[in-house]
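Take a look at the structure below.
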Amino acid sequence: MFAARRSIMEKYQVLLYYHYTPIEDVEEFREQHHLLCLELGLMGRIIVAHEGLNGTVSGTPENCQKYMDTVKSDPRFDGIDFKIDESNMPAFRKLNVRVKPEIVHSSLRHIKPFEKTGVHLSPQDFKSLKDQEDVVILDVRSNYEHSVGRFKNAVTFDIENFRDFPQKLNEIEHLKDKKIVTYCTGGIKCEKASAYLLEQGFENVYQLHGGIIKYGIETDGEDFEGKCYVFDNRLTVDINKKNPKVISKCFVCDTESDRMVNCANPTCNAHVPICEKCGWEMNGACSSECKEHPEIRPYDGTGYYAKQSNGYDPYHNALRRKKTEA
């Protein structure tokens, strides 16, 4: 009884990280990384590509520390920056370690951030610079992310995916004489965005190192309005401890709300703010049509829906590799 109660109350950590660095043996690296996470009992999503590593994992503080120590011991990841957040429960229910063409999906595969990118600003430097007259704060995230939270006076683009970012650059052509400071959730998109801005002739380009998450951890989060959208079962996290402000409205009733959910209709799955009252009344759906959809998912008040396990076995890929080698 005591052990069970202790495990429920135990604090967990959530690690958000990325690092652009050449990785030649991506399949072998993925296999070793998968086994490392299994040994440490970590859950999350990790992407391995020839251009680097990107992940969000969750586990106990002790095992998260072991994971960070192991990754940092690899010379290829010298300087990797882990953003550490706390959670009352694991932020993921599964572990997925995959090889992909890029560590963040973009239309900028020719960009190599480990060769050239914008000037990295610490959270404190960003805080000091953001309100100057010759500075433009540029949010490079998607609509559903910046709709629920963004920095005060930030320029946003109407994009559904980061890969659409280059198509919107004409909207800030008139700002080339300004200091452009990019930001995103953890910094990974800014690496390519700032490098692309430099390629397109913008001269004074900066980026918030560690993104919104690091800014919230290391400062009081001043002037970040709303909440920060995250890609785990928390959906959003608080950032601002000094002058918080709700900027989003319930998708259903239009009242003030920063309670982000995924629509319970799996064919819709829209990422939208829905207040608690409407959430229960609509069974987690974003519209009457979605509420009546025959495949609507059971709503538990969170608006987060884990993918069906279908016999999920975290050792599956590793075992398959071992059987092949046997």
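The values are calculated or read from the model by the stated rules, or taken from the named source; none is laboratory data. Every value quoted in this text rests on a predicted model; they were computed, and no experiment measured them. All Cβ positions, glycine included, derive from the backbone under ideal geometry; neighbour counts span all protein chains shown. For accessibility, only protein heavy atoms count, side chains too; no ligands or nucleic acids. Shrake-Rupley method; radii C 1.70, N 1.55, O 1.52, S 1.80 Å.
I want to confirm something. Restricting to the range 169-188 and keeping residues that are open to solvent by 50 Å² or more (accessible area, probe 1.4 Å) and part of a helix (DSSP H, G or I), which single residue is farthest from residue 230 (Cα to Cα)?
Across the range 169-188, the extreme among qualifying residues is 174.
Find the residue count for the range 207-221, including only residues that are part of a helix (DSSP H, G or I), of a type outside the set (Gly, Ala, Ser) and surrounded by 21 or more Cβ atoms within 10 Å (Cβ to Cβ).
Qualifying residue count for the region: 4.
Any chance you could count how many residues in the range 91-112 are among the hydrophobic types (A, V, I, L, M, F, W, C) and either assigned to a loop (DSSP other than H, G, I, E, B) or open to solvent by 70 Å² or more (accessible area, probe 1.4 Å) (or both)?
Number satisfying all stated conditions: 6.
Quick check: anything in the range 249-267 open to solvent by less than 70 Å² (accessible area, probe 1.4 Å), of a type in the set (Lys, Arg), part of a loop (DSSP other than H, G, I, E, B) and farther than 16 Å from residue 148 by Cβ? Steps first, please.
Narrowing the range 249-267 to residues open to solvent by less than 70 Å² (accessible area, probe 1.4 Å): 250, 252-253, 255, 257-266.
Of the ones still in play, those that are also of a type in the set (Lys, Arg) are 259.
Checking the rest, the ones that are also part of a loop (DSSP other than H, G, I, E, B) come to 259.
Going one step further and asking which of them are farther than 16 Å from residue 148 by Cβ, we end up with none.
Within the range 249-267, none of the residues are open to solvent by less than 70 Å² (accessible area, probe 1.4 Å), of a type in the set (Lys, Arg), part of a loop (DSSP other than H, G, I, E, B) and farther than 16 Å from residue 148 by Cβ.
Select, from 277, 323, the only residue that is assigned to a helix (DSSP H, G or I), open to solvent by 30 Å² or more (accessible area, probe 1.4 Å) and at pLDDT below 95.
Numbers: 277 fails: at pLDDT below 95.
Among 277, 323, only 323 is assigned to a helix (DSSP H, G or I), open to solvent by 30 Å² or more (accessible area, probe 1.4 Å) and at pLDDT below 95.
Which of the residues that make up the range 280-302 are on the phi > 0 side of the Ramachandran plot and open to solvent by 30 Å² or more (accessible area, probe 1.4 Å)?
Across the range 280-302, the qualifying residue is only 283.
Do you know which residues across the range 119-141 are charged (D, E, K, R), closer than 16 Å to residue 211 by Cα and either open to solvent by 90 Å² or more (accessible area, probe 1.4 Å) or assigned to a loop (DSSP other than H, G, I, E, B) (or both)?
Across the range 119-141, the qualifying residues are 130, 141.
Taking the range 159-168 as the region of interest, how many residues are outside any helix (DSSP H, G or I) and in contact with a His (Cβ under 8 Å, 6 or more places away or on another chain)?
1
Determine whether residue 87 is out of contact with any helix residue (DSSP H, G or I) (no Cβ under 8 Å at 6 or more places or on another chain) and modelled with pLDDT under 95.
yes
If you check residue 15 against the conditions, is it in contact (Cβ under 8 Å) with a residue 24 or more places away in the chain, under 25 Å from residue 237 (Cβ atoms) and in contact with a Pro (Cβ under 6 Å, 6 or more places away or on another chain)?
No: the conditions fail for residue 15.
Any idea which residue in the range 18-56 is nearest to residue 79 (Cα to Cα), counting only those that are free of Cβ contacts under 8 Å to residues at least 60 places away in the same chain and open to solvent by less than 10 Å² (accessible area, probe 1.4 Å)?
My answer is 53.
Rundown of residues vs (1) in a loop (DSSP other than H, G, I, E, B); (2) not β-branched (Val, Ile, Thr), yes/no style:
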site: 35; (1), (2): no, yes
site: 56; (1), (2): no, no
site: 65; (1), (2): no, yes
site: 70; (1), (2): no, no
site: 117; (1), (2): yes, no
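Mind listing whichever residues of the range 284-300 are of a type in the set (Ser, Thr, Tyr) and assigned to a loop (DSSP other than H, G, I, E, B)? Talk me through it step by step, then tell me what you get.
Filtering the range 284-300 for residues of a type in the set (Ser, Thr, Tyr) gives 287-288, 299.
287, 299, listed by residue number.
Is it true that some residue in the range 150-167 is farther than 28 Å from residue 274 by Cβ, surrounded by 20 or more Cβ atoms within 10 Å (Cβ to Cβ) and touching a residue at least 40 places away in the same chain (Cβ under 8 Å)?
The first filter runs over the range 150-167 and keeps only residues farther than 28 Å from residue 274 by Cβ, leaving 166-167.
Of the ones still in play, those that are also surrounded by 20 or more Cβ atoms within 10 Å (Cβ to Cβ) are none.
Taking every residue of the range 150-167 in turn, none turns out to be farther than 28 Å from residue 274 by Cβ, surrounded by 20 or more Cβ atoms within 10 Å (Cβ to Cβ) and touching a residue at least 40 places away in the same chain (Cβ under 8 Å).
Report yes if residue 70 is open to solvent by less than 80 Å² (accessible area, probe 1.4 Å), out of contact with any strand residue (DSSP E or B) (no Cβ under 9 Å at 6 or more places or on another chain) and touching a residue at least 12 places away in the same chain (Cβ under 8 Å), otherwise no.
So residue 70 fits the description; yes.
(1) under 20 Å from the mean Cα position of the chain (by Cα); (2) of a type in the set (Asp, Glu); (3) surrounded by fewer than 23 Cβ atoms within 10 Å (Cβ to Cβ): which one isn't true of residue 191, the others all being true?
The number of the failed condition is (3).
Given 240, 262, 269, which one is in contact (Cβ under 8 Å) with a residue 40 or more places away in the chain and either on the phi > 0 side of the Ramachandran plot or of a type in the set (S, T, N, Q) (or both)?
Testing whether each residue is in contact (Cβ under 8 Å) with a residue 40 or more places away in the chain and either on the phi > 0 side of the Ramachandran plot or of a type in the set (S, T, N, Q) (or both) leaves just 262.
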